[in-house]
Amino acid sequence: GVCAYVRTLLFLYLSRPEIWVDSRTIYIGHKEPPPGAEAYIPQRFPDNRIVSSKYTFWNFIPKNLFEQFRRIANFYFLVIFLVQLIIDTPTSPVTSGLPLFFVITVTAIKQGYEDWLRHKADCSINECPVDVVQRGKVVRTQSHKLRVGDIVMVREDETFPCDLILLSSSRPDGTCYVTTASLDGESSHKTYYAVPDTMAFRTEQEVDSLHATIECEQPQPDLYKFVGRINIYKDREEPVARTLGAENLLLRGATLKNTQYIYGTVAVYTGMETKMALNYQSKSQKRSAVEKSMNAFLIVYLFILISKAVINTVLKYAWQWSPDRDEPWYNHRTENERQRHVVIRAFTDFLAFMVLFNYIIPVSMYVTVEMQKFLGSYFITWDEEMFDDELGEGAQVNTSDLNEELGQVEYVFTDKTGTLTENNMEFIECCVDGNVYIPHAICNGQILSAASSIDMIDSSPGGYRREHEDLFFRALCLCHTVQVKEEETVDGIKRGIHQGRPTSFYISSSPDEVALVEGMKRLGYTYLRLKDSYMEILNKDDEIERFQLLHVLNFDSVRRRMSVIVKSSSGDYLLFCKGADSSIFPRVVSGKVEQVRARVEQNAVEGLRTLCVAYKKLSESEYQEACHHLTEAKLALQDREQRLAHAYDIIEREFVLLGATAVEDRLQEKAADTIESLHKAGMKVWVLTGDKMETAAATCYASKLFRRSTQILELTKKRTEEQSLHDVLFELNRTVIRQRSMSGLSVDCLDFGLIIDGATLSAVLKPNQEGAGNGNYREIFLEICRNCSAVLCCRMAPLQKAQIVKLIKASKEHPITLAIGDGANDVSMILEAHVGIGIMGKEGRQAARNSDYAIPKFKHLKKILLVHGHYYYIRIAELVQYFFYKNVCFIFPQFLYQFFCGFSQQPLYDTAYLTLYNISFTSLPILLYSLVEQHVSMETLKREPTLYRDIAKNSLLRWPVFLYWTCLGVFDAVIFFFGAYFLFDNTTFTSNGQMFGNWTFGTLVFTVLVFTVTLKLALDTHHWTWINHFFIWGSLLFYVIFSLLWGGIIWPFLNYQRMYYVFMQMLSSGPAWLSIILLITVSLLPDVIKKVLCRSMCPTATERAQVGVGETADFTFQPLYDPIDE
Amino acid sequence: MMASVYNAKDEDGHISVSGPSGGSAAAMRGKRPENTAFKQQRLPAWQPILTAGTVLPAFFIIGLIFIPIGIGLYVTSNNIKEFEIDYTGVDMSSPCFNCSQNLSWNSSRPCTCSIPFHLDQPYENNVFMYYGLSNFYQNHRRYVKSRDDSQLNGDLDALTKPSKECEPYAYHENKPIAPCGAIANSMFNDTLEIFYHDPNGTRVPVPLTSTGIAWWADKHVKFRNPSENLNLTAAFQGTTKPVNWRRPVYEMDSDPHNNGFINEDFIVWMRTAALPTFRKLYRIISKKDNMVPTLQRGNYTLEVVYNYPVRSFDGRKRMILSTISWMGGKNPFLGIAYITVGSVCFFLGVVLLIIHHKYGNRNNSANNSN
């Protein structure tokens, strides 16, 4: 009974959000709808306060501490610290408490400061003044007091305080211009539209008299999607419903431009529910390969740590089996300890050993790695070579976590348009029914007269041709979403329209459209403007034609076409459609398809972007039916997308083909050079594009992705129609494998290029229908790809791009992938790839915003990968290995010492040394090394891309390398310990006969340790700037000065003075100096020998390159060369 | 595993808010990065490379320097005279056997034994007399920390309230122990004396100096009596002697500058040894004049007041006489190590020369072909 009741309650509680999910209702001006209209369900919305801060004054300390200790590393150190506090441990809690405290405090201060800045920013935003219409008057309040349903007035150049529905604007046509630069980085002006029924409102009173409700979906982060409906109640009438879309929704963060003022309701979303706030939620974290290896090493070390502790505990109890060893007469336990149970004692001992050896996993490594990544990423933003004067921007780093991954890339997936190419379109020609028109270039700023500017190649006269020509040009003038701007200071794509009149520009989100409309102008048809839903065209005979714009069927990347429905002055309903050939031809019923297709293919081969244009005449009834379909779909609150797509599909049918256009998109500067370098560096470059195969293939040849010698394998729909997919795949696979076996090792002599199209790809990736041999195609496909140096995927939908990346990522080698693109359609693959790079392109900022790194041009990829990536990788690899090495050197002598002190957990070093070793004596040199090291000069790296292969596959962090470093560490530790041991063995080494104690022993080992470890880094440094000199010699000097000071004074706050005078006494002894020098030399010797031998016997390409630079320095033994010898 | 969760930049997801008055970020854009050597990573740098060619001379130089040093050290070490005698009394034949058997802390009458020995060579200059203990874990953690440095530094509070670290040697019969702790409690208390047998048969005691055996800094700074002015007996009023001691700390020596905490035997003992087998300086036999060696060739007797028990933990007690050079006592290890390392370096230099000779050509041709 109770159970059921609870379950019901629980169910109610859990299912409650469901009721809220679908839509929300807003009462404009907080006026309730007329009774009976709808059930009144009061909904509560958050206020308009933006809270980006994480903490308040009160909860900062507990919450921040909680956040920090949630990280396992911090938690581990906290546990160690607590263990030290609770049980009697060899080292004082200070040794681990102080570093932990330091790390935690620094992080807390940093986060607190950042949070304070956020608080300040929040405050200034929340308190900024906003004009609200209340009872027919404009009242000024603060931003955070806004409520859903308020009517807000915004003036020019003000930022919208929340997401608003545009009710009316000062412009007579009910539009307003907005820049979303701070939102998505697009600085071009976008047009937003007022609700038609309210756009006539001019005064506050009028606006205030509005009685309406808005229904819309619940907040969601997509900036470009909004679905809603406004119901306007007029006296005694049925409410009028109007659809609301993204074009009615003004987003918080955007700025009003070129419009005096607007009225809008706080319609949808306030405060943290605005699209801006929703959009700044963190992206999924990407982790680099280096980080993965680091974690693996950590686990190994954790294992080593535990086994050391276990071994020592076991040995301890074995050793002190006899009571005379356990408790000799001179060294009794306290009564308390004696009474403790042996199991508890053993466990305490185990913990004490853990504490003693815990420094093998150093706190400071995480801090250093973080700092290295954070500071190191500045070198990318500072790089002058990656600064683009035209854009006025340099490279941007959005995540510094992946710096080193830039040096590990194996697959590059690049978009074509805007990435490989300029995305700077130029109209080349058009073809109407097979007749080609080529506009001449503008000469001296004068447009040549219309008649002479048209070059008719195939001029077969006839009325039919004439009619199609007229329709074709009108179609291109009408079927677009280009806006005309009468202003000079507009960014983006701008071209003058009229020389004499006030300058105006065409603006569009798609450069193709601008190119087409401009091309039309050069052919004599000028699009003038859209006024009161009439499009005006200046035709060849300088007459103005007006078409009423009835519907725009917007472009989307799935349909790959767009249409407009217009009504001509003669009263005909016309539907014009333009789109990719593949999406037009299947819908064409008449027209000179063959001629047009031939021309399109020819153009595509030349690398031009082609579009086909078609039209159809609609009868009155057909038009009404289309209208019906569209409005129904647009009014839907749910599944609007699908319904619209369905409606478009019904309307866009039975076309008459008019012709095709060709637009050229030039290759980006140095694109070919960059691709060639990437190839040489061992990366496989894939081009993923939505373009058609011929165009894309031409671009690939131009950018040297395919060379003349490349054997092209085709995996296209055309081929799979002839043979089954299965056969094609197997045949290609055979070709590839045969070639490889024939050419043997030298793969270079013949390389393959694969072309695959979207349709075939989805067939390949489709889970097998037959059930048997599932994933087979996938494997074969991957096998083929592995053997191809370049792959071109054309006709790709945006999601397919991500699929490809995912496919390669998941293949059995788990290669590191990089995706680069500039447009919204590349975002999915940028997010999917290990490293996502955005080009700050012309198609907006989405790619750059979602990327990990953003660069101005494709050519900068070369530097960011080959130079920065390479540097970051070797830097972090050394950093990680060195950190483990120096801590092995540090801790292993302690381990050995246990065998000589009765396994009593006696530390070898003093507390101060234990604490400061990782924090200050050895931390700065490696940090600075990892920031400025350049093992090869930048010029060499750029000149010889093949050096990139040397670090491929995480080569510096593989297990053998790790093992080498660990062994080196153990060897050095053994040398330190036993060197000191034999020196101390039952003798004195002062000239006055006095003896040294255990602390001198430890200090001697520690001194040798600090010097060896620092000098080892000095041996690894290939690039000695003043910074390296300063920090390497500086930290050694600091150690000496610190030791002198530490031992020079009786420290009043310490309860022991064990280090008093120890360091100085040690330095006063000659043999101590001699043995320090000896031990350092012996410790460094194996590494030097290994380096020299490796370099002489089997030098890597990098090592050759290093010598190549300094070849003149290597002259000493040249006279000894024997000419006969090899 | 750890690093995967550790991420200092959890701030990424946060809203970088810019006021409505316009984004400062937008203004920051468009700024050309500075063309400084540091920011462009073009700082002038020395770029050394470890090739066989550059390392070769270093190896030869190290070899050439180390071998002579090593020989020097070895010869010096060999010239040092050292004599060691084990007086534990494990064997039945040993004169100290009886003492070692009937040892008890409370015995009122000290047990003495004398061991004759013969020096084959005369010992010149100052001769240093050590006592050595084996299998004695002075570096055991419980032992090392069982002391109170404040008390030893003359702190009056610590005198009456010894640190907890001294447990279980902090209080005895509810009185604070001074000096407290296991180290002090187990202080070495054998008395060693040497007698020289003149050729004419008389026993001449060898004069032993008991000062100058502790570090100067320890004696003068680190260790201090509770009150400098007061009578020592009064200063230690209210404390009790360590359990194993025969006499209280203020009766260590008749010399007031060598009594109490600043007694040098005590200070030497308090410096804990690094390894379980160790020696500590006991006495110095100073050089008399230039004509006669400090210890002549001949027969001697070591007189031991046998107090210190070591047999329970299989320990050994030794007495060592040693001369000292500039490099300390007899230790052939350092010299041998120097000679070995020097030779290895020299040998490696030769090997590298051959390798360089062989592979250098190949490298060079590879470079040239590039």
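The values are calculated or read from the model by the stated rules, or taken from the named source; none is laboratory data. All values derive from a computational prediction rather than experimental measurement. With ideal geometry, Cβ positions are generated from the backbone for all residues, glycine too; neighbour counts draw on all protein chains shown.
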Quiz item: Residues in the range B:127-134: is at least one part of a loop (DSSP other than H, G, I, E, B) and either in contact with a helix residue (DSSP H, G or I) (Cβ under 8 Å, 6 or more places away or on another chain) or not aromatic (F, W, Y) (or both)?
Solution: no
Practice problem: Within the range B:208-218, identify whether any single residue is without any contact (Cβ under 8 Å) to a residue 12 or more places away in the chain and surrounded by fewer than 15 Cβ atoms within 10 Å (Cβ to Cβ), and answer yes or no. | Solution: yes
Quiz item: Is it the case that the range A:651-668 has a residue that's without any contact (Cβ under 8 Å) to a residue 24 or more places away in the chain and out of contact with any Phe, Trp or Tyr (no Cβ under 8 Å at 6 or more places or on another chain)?
Solution: no
Exercise. List every residue pair whose Cβ atoms lie under 7 Å apart, where the two residues are 6 or more positions apart in sequence or sit on different chains, the first residue falls within the range A:606-630 and is in contact (Cβ under 8 Å) with a residue 40 or more places away in the chain, and the second residue, located anywhere, is among the acidic types (D, E).
Key: A:L608/A:E664; A:R609/A:D512; A:R609/A:D665; A:R609/A:D691; A:T610/A:D581; A:C612/A:D581; A:K616/A:E654; A:K617/A:D572
Quiz prompt | Criterion: touching a strand residue (DSSP E or B) at 6+ places or on another chain (Cβ under 9 Å), within 12 Å of another protein chain (Cβ to nearest Cβ) and part of a helix (DSSP H, G or I) - qualifying residue of A:I380, A:I299 | solution = A:I380
Quiz item: Residues in the range A:184-191: is at least one within 14 Å of chain B (Cβ to nearest Cβ), outside any loop (DSSP other than H, G, I, E, B), farther than 20 Å from A:I230 by Cα and at pLDDT below 80?
Solution: yes
Exercise. Could you tell me which residue of the range B:283-329 is nearest to the other protein chains (Cβ to nearest Cβ), considering only residues that are charged (D, E, K, R), under 28 Å from B:D198 (Cβ atoms) and surrounded by fewer than 22 Cβ atoms within 10 Å (Cβ to Cβ)?
Key: B:R318
Practice problem: Filter the range A:912-958 down to residues that are within 18 Å of A:D1020 (Cβ to Cβ), surrounded by 22 or more Cβ atoms within 10 Å (Cβ to Cβ) and hydroxyl-bearing (S, T, Y), then give me how many there are. | Solution: 4
Quiz item: Given the conditions (1) more than 7 Å from every other protein chain (Cβ to nearest Cβ); (2) at pLDDT 90 or above, which single one is not true for B:L348?
Solution: (1)
Quiz item: With A:A681, A:A671, A:A702, A:A662 as the choices, which residue is within 30 Å of A:P439 (Cβ to Cβ), surrounded by 23 or more Cβ atoms within 10 Å (Cβ to Cβ) and under 31 Å from the mean Cα position of the chain (by Cα)?
Solution: A:A671
Quiz item: Within the range B:195-224, which residues are closer than 13 Å to B:M129 by Cα, in contact with a Gly (Cβ under 9 Å, 6 or more places away or on another chain) and of a type outside the set (A, V, I, L, M, F, W, C)?
Solution: B:G212
Exercise. Return a yes/no flag: does the range A:967-987 have any residue that is away from chain B (no Cβ under 14 Å), closer than 14 Å to A:V300 by Cβ and free of Cβ contacts under 8 Å to residues at least 12 places away in the same chain.
Key: yes
Quiz item: In the set A:V961, A:V1013, A:V970, which member is touching a Cys at 6+ places or on another chain (Cβ under 9 Å), surrounded by fewer than 22 Cβ atoms within 10 Å (Cβ to Cβ) and in a helix (DSSP H, G or I)?
Solution: A:V970
Quiz item: Which of the residues that make up the range A:902-955 are among the hydrophobic types (A, V, I, L, M, F, W, C), more than 30 Å from A:M683 (Cβ to Cβ) and not in a helix (DSSP H, G or I)?
Solution: A:F903, A:L908
Quiz item: For the range B:330-345, how many residues are more than 7 Å from every other protein chain (Cβ to nearest Cβ) and within 22 Å of the chain's Cα centre (by Cα)?
Solution: 3
Quiz item: Of all residues in the range B:50-65 being in a helix (DSSP H, G or I) and within 8 Å of another protein chain (Cβ to nearest Cβ), which is surrounded by the most Cβ atoms within 10 Å (Cβ to Cβ)?
Solution: B:A52
Quiz item: Among the residues of the range B:206-244, which ones are of a type in the set (S, T, Y) and either at positive phi or within 14 Å of chain A (Cβ to nearest Cβ) (or both)?
Solution: B:T209, B:S210, B:T211
Quiz item: Of the conditions (1) at the interface with chain A (Cβ under 8 Å from one of its Cβ atoms); (2) on the phi < 0 side of the Ramachandran plot; (3) at pLDDT below 90; (4) loosely packed, with under 15 Cβ neighbours inside 10 Å, B:P44 fails just one. Which one is it?
Solution: (3)
Practice problem: Restrict the check to the range B:133-140 and report whether at least one residue is among the hydroxyl-bearing types (S, T, Y), within 25 Å of B:D314 (Cβ to Cβ) and without any contact (Cβ under 8 Å) to a residue 12 or more places away in the chain. | Solution: no
Quiz prompt | Hits in the range A:118-132 - residues which are surrounded by fewer than 17 Cβ atoms within 10 Å (Cβ to Cβ) and either in contact with a Ser or Thr (Cβ under 8 Å, 6 or more places away or on another chain) or under 22 Å from A:Y263 (Cβ atoms) (or both) | solution = A:E127, A:C128, A:P129
Quiz prompt | Qualifying residues in the range B:160-205 (those that are of a type in the set (A, V, I, L, M) and in a strand (DSSP E or B)) - the one nearest to the other protein chains (Cβ to nearest Cβ) | solution = B:I177
Quiz item: If you go through the range A:1020-1057, how many residues are more than 9 Å from chain B (Cβ to nearest Cβ), of a type in the set (F, W, Y) and outside any helix (DSSP H, G or I)?
Solution: 2
Quiz item: Residues in the range A:227-241: is at least one at pLDDT below 80, surrounded by 13 or more Cβ atoms within 10 Å (Cβ to Cβ) and within 17 Å of A:R643 (Cβ to Cβ)?
Solution: no
Quiz item: Of all residues in the range A:901-960, how many are within 14 Å of another protein chain (Cβ to nearest Cβ), closer than 16 Å to A:L879 by Cα and of a type in the set (A, V, I, L, M, F, W, C)?
Solution: 4
Quiz item: Which of the residues spanning the range B:151-172 are in contact with a strand residue (DSSP E or B) (Cβ under 7 Å, 6 or more places away or on another chain) and of a type in the set (D, E, K, R)?
Solution: B:K161
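Residue-wise test of (1) among the aliphatic types (A, V, I, L, M); (2) at pLDDT 85 or above; (3) under 30 Å from A:L941 (Cβ atoms).
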position: A:W1046; (1), (2), (3): no, yes, no
position: A:I1050; (1), (2), (3): yes, yes, no
position: A:V1082; (1), (2), (3): yes, yes, no
position: A:L1085; (1), (2), (3): yes, yes, no
position: A:I1089; (1), (2), (3): yes, yes, yes
position: A:F1115; (1), (2), (3): no, no, yes
Quiz item: Just wondering, is there one or more residues in the range A:853-869 that are buried (at least 23 other Cβ atoms within 10 Å of the Cβ), modelled with pLDDT under 85, hydrophobic (A, V, I, L, M, F, W, C) and not in a loop (DSSP other than H, G, I, E, B)?
Solution: no
